[in-house]
Amino acid sequence: MTELLTQGASIADLATAFAASPNPYLLLTPDLRIFDVNQAYLDVTRSHRPDLLGRPLFQAFDSGPGQEAPENVRQVRASLEKARDTRQRDHLALVRYSLPRRLDGCREVFEERIWSATHTPLLDAEGEVVLLLQHTMDITDLFPAAPPDEPTTALDAIVGGSVLRRAQSVQEDNRRLEKERNRLVEMFMQAPGFVAILSGPDHCFQMYNAAYGQLIGHRDIAGKPIREALPELAGQGYYEFLDSVFATGEAYEGRESLAQLQRRPGAPLENHYLDFIYQPIRDEAGQVVGIFVQGHDVTENVLAARRQKSMIDELNHRVKNTLATVQSIAIQTARSHRDPSTFAQAFQARILALSHTHDLLTRTHWEGADLRAILEHETEAFGPTRFHLNGPAVALAPATALSLGMIFHELATNASKYGALSTPHGRVLVDWGVADQTAPKLKLSWRELDGPKVTPPDTRGFGSRLIERNIRHDLAGEIDLVYGKDGLIAELMVPLDRTPAL
Amino acid sequence: MNQPLSGRRVLVVEDESLVAMLLETILEDMECVPIGPASNIDDGETLARDTVELDAALLDVNVAGRQVFPVAEALKARGVPFVFSTGYGEGGLPDEWRGSPTIQKPFTEAAVRDALLKAMGVAEV
């Protein structure tokens, strides 16, 4: 029938032959609904055409309420599904199945019958299953009624000459083997790792499991040679490893091996790291006939290990840089403080200023800090009346926040030693704003009032060098220091949108 | 004390001003003349190419998120010896630069001097 369809026999001829055949035939859609049925089938099942068409098979025939019914249904269903999924004819030599029989026009009883059935898939030109043909025969009458206490050993069966009994026992064995095989296939299909079986020197996909389908983006690769099925692997070494396993019969093992896969048409290549093994499959003569592929996608582990390494490297880098910064502060502070006690005080104050800004940044997971919060931190020790902070909220990047924290510390220290905060009534006004929205710049002025008259220092100490260098070097900004008669005025401008790459 | 590096002009590429200031202090103590410091790769490359008299360079490997190797290339092309400074140590350098004299942060004056001498000695071979 399959052959006839593919050879283009006239549909009308087939329909006539189907309807008139003395053999009982039932046509099912792939989801096991009744598509068509011939008269012989209606006769043998004592049913009516309108009751069957379009219904699910196992609703139309449920084998009745008996204890055996679910097992009977299961066997028929398994055979049909096997025929459909493997595209191969399947025989059910012997199956019990109950049918209703009306006794007196209204009372219905189920009667167990014994059947033999063949299930044949009907394929279209592309090889897809269009319909399933069931050919079934009622063979109940071929069975001699067995006394209930008859021994049923294999020997009895053979000696007893009951071919049908033997057929039944073979059928039973087949069923057990089938069950075993299905369990293995199920394990293969559901295995968490990816598994595929390739055959021949071109490595055609014979079978692959769900995890393999997931890995390659659920492409249709069944039956295709690997170079056609997964063309993006060209140049990545995998074809060559397979060729070599096929040629030499030696297994190949890959560890954290990079495979670049195009999991959707037109999508960019995705990096996957795989642990896998290619094992040769040999025939009875020892000849390599295929390759068993199994493995795991370890991409997550590989990336996690890399992230961890890069975080440790980055942490090490930051710690060493911070130590170098502290070293610099220590050496330079020591040069301007010959007395160990004043050195300790000045050094400690600078380290604490650095630490304060770290605290602020830690609160935002090092995303940034607010300008006012930094100013408040560096000036709160002088009390609320001495400082007047006036300006909008400005979010500062971590590097800018660290630099400005140190700068404000130096300015405040300087003011308390020589400037407005060295007198009882001196004040400091800090005003700021952000100019130029396309390339935002922070403009800030630090004005000391009511302090002693100040003059530019003869030699520039570490504090003022640190301020100027930090603004120009680290922040690419500008600073202007004016020593007015009322006190120091510092005007500074810092670009806010510097990317780290600049 | 004898200062073997007296008068040498040494370029400094380092994005953190405090660390740059430390290097300058160390170089001045060794009677060297610090050039720069450059706080980014572009300025570093310009100074590496255009500074007429240049005897050596101290290059921070990670400069504001970029790697300093373009500056090293420019120096190499002129035959000017250089020393990498890094928080990672020599293991943090890519293969092609491995083996170059390297100082690890935080650094001592002796380490800076020895690395510069080694770099200049290698260059004279």
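Applying the set (1) closer than 22 Å to A:Ser116 by Cβ; (2) modelled with pLDDT under 75; (3) exposed (fewer than 15 other Cβ atoms within 10 Å of the Cβ) to A:Gly8 leaves exactly one unmet item: (1). Tell me, yes or no, whether the stretch A:319-326 has at least one residue that is more than 8 Å from chain B (Cβ to nearest Cβ), more than 35 Å from the chain's Cα centre (by Cα) and in a helix (DSSP H, G or I). Yes, the stretch A:319-326 has at least one match. Condition check for B:Val12 on (1) farther than 19 Å from A:His317 by Cβ; (2) within 12 Å of another protein chain (Cβ to nearest Cβ); (3) in contact with a Leu (Cβ under 6 Å, 6 or more places away or on another chain); (4) β-branched (Val, Ile, Thr): one failure, at (1). You will find that of A:Pro398, A:Pro456, A:Pro452, A:Pro440, the residue that is surrounded by fewer than 19 Cβ atoms within 10 Å (Cβ to Cβ), of a type outside the set (Gly, Ala, Ser), within 14 Å of chain B (Cβ to nearest Cβ) and in contact (Cβ under 8 Å) with a residue 24 or more places away in the chain is A:Pro398 and no other. In the stretch A:305-330, the residues that are surrounded by fewer than 19 Cβ atoms within 10 Å (Cβ to Cβ) form Cβ pairs under 6 Å with partners that are not in a helix (DSSP H, G or I), at six or more places apart or across chains, as follows: A:Asn316/B:Gly87; A:His317/B:Gly87; A:Leu323/B:Pro106; A:Gln327/B:Pro106. When you look at A:Asp313, is it farther than 17 Å from A:Gly461 by Cα and modelled with pLDDT of 90 or more, yes or no? Spelling it out, it is not the case that A:Asp313 is farther than 17 Å from A:Gly461 by Cα and modelled with pLDDT of 90 or more. With respect to (1) at pLDDT below 80; (2) in contact with a strand residue (DSSP E or B) (Cβ under 8 Å, 6 or more places away or on another chain), the lone exception for A:Leu80 is condition (1).
Among the residues making up the stretch A:176-201, a single one is outside any helix (DSSP H, G or I) and either exposed (fewer than 12 other Cβ atoms within 10 Å of the Cβ) or modelled with pLDDT under 75 (or both): A:Pro192. For B:Ala74, the criteria (1) surrounded by 15 or more Cβ atoms within 10 Å (Cβ to Cβ); (2) closer than 23 Å to B:Ile26 by Cα; (3) more than 14 Å from chain A (Cβ to nearest Cβ) hold in every case but one, which is (2).
Residues checked against (1) part of a helix (DSSP H, G or I); (2) under 16 Å from A:Glu410 (Cα atoms); (3) away from every other protein chain (no Cβ under 14 Å):
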{"site": "A:Ser328", "(1), (2), (3)": "yes, yes, no"}
{"site": "A:Phe343", "(1), (2), (3)": "yes, yes, yes"}
{"site": "A:Ile351", "(1), (2), (3)": "yes, yes, no"}
{"site": "A:His356", "(1), (2), (3)": "yes, yes, yes"}
{"site": "A:Asp359", "(1), (2), (3)": "yes, no, yes"}
{"site": "A:Leu375", "(1), (2), (3)": "yes, yes, yes"}
{"site": "A:Glu380", "(1), (2), (3)": "yes, yes, yes"}
{"site": "A:Thr385", "(1), (2), (3)": "no, no, yes"}
{"site": "A:Pro392", "(1), (2), (3)": "no, no, yes"}
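Residues that are within 14 Å of chain B (Cβ to nearest Cβ) and not aliphatic (A, V, I, L, M) within the stretch A:479-496 comprise just one, A:Pro495. Going through (1) of a type in the set (D, E, K, R); (2) touching a residue at least 60 places away in the same chain (Cβ under 8 Å); (3) under 22 Å from A:Leu274 (Cα atoms) one by one, A:Glu240 falls short only on (2). Every condition in (1) of a type outside the set (Phe, Trp, Tyr); (2) farther than 22 Å from A:Arg318 by Cα; (3) more than 11 Å from the chain's Cα centre (by Cα); (4) within 14 Å of chain A (Cβ to nearest Cβ) holds for B:Pro34 except the one numbered (3).
Out of A:His272, A:His337, one residue alone is under 24 Å from A:Met207 (Cβ atoms), without any contact (Cβ under 8 Å) to a residue 60 or more places away in the chain, in contact with a helix residue (DSSP H, G or I) (Cβ under 6 Å, 6 or more places away or on another chain) and away from every other protein chain (no Cβ under 14 Å). It is A:His272. Within the stretch A:125-144, the only residue that satisfies the criterion of being charged (D, E, K, R) and touching a residue at least 40 places away in the same chain (Cβ under 8 Å) is A:Asp138. Before we move on, is A:Gly461 within 13 Å of chain B (Cβ to nearest Cβ), of a type in the set (Gly, Ala, Ser) and more than 44 Å from the chain's Cα centre (by Cα)? Against the criterion (within 13 Å of chain B (Cβ to nearest Cβ), of a type in the set (Gly, Ala, Ser) and more than 44 Å from the chain's Cα centre (by Cα)), A:Gly461 qualifies. Among the helices (runs of 4 or more DSSP H) confined to the stretch A:21-108, the ones with at least 2 residues that are in contact (Cβ under 8 Å) with a residue 40 or more places away in the chain are located at A:39-45, A:69-86. Checked against the criteria, B:Ala110 counts as away from chain A (no Cβ under 13 Å) and either farther than 27 Å from A:Leu404 by Cβ or touching a Lys or Arg at 6+ places or on another chain (Cβ under 9 Å) (or both).
Within the stretch A:276-287, not a single residue is in a helix (DSSP H, G or I) and either closer than 25 Å to A:Pro231 by Cα or in contact (Cβ under 8 Å) with a residue 24 or more places away in the chain (or both). Looking only at residues in the stretch A:90-124 that are crowded, with 17+ Cβ neighbours inside 10 Å and charged (D, E, K, R), the one that is farthest from A:Val185 (Cα to Cα) is A:Arg113. Filtering the stretch B:44-61 to residues that are surrounded by fewer than 17 Cβ atoms within 10 Å (Cβ to Cβ) and within 14 Å of chain A (Cβ to nearest Cβ) leaves nothing.
The single condition among (1) touching a helix residue (DSSP H, G or I) at 6+ places or on another chain (Cβ under 7 Å); (2) among the hydroxyl-bearing types (Ser, Thr, Tyr); (3) closer than 27 Å to B:Gln104 by Cβ that A:Thr379 does not meet is (3).
The values are calculated or read from the model by the stated rules, or taken from the named source; none is laboratory data. This one's a predicted model, so the numbers in the text were calculated from it and none came from an experiment. Counting neighbours? That spans all protein chains shown, and the Cβs are built from the backbone with ideal geometry, glycine included.
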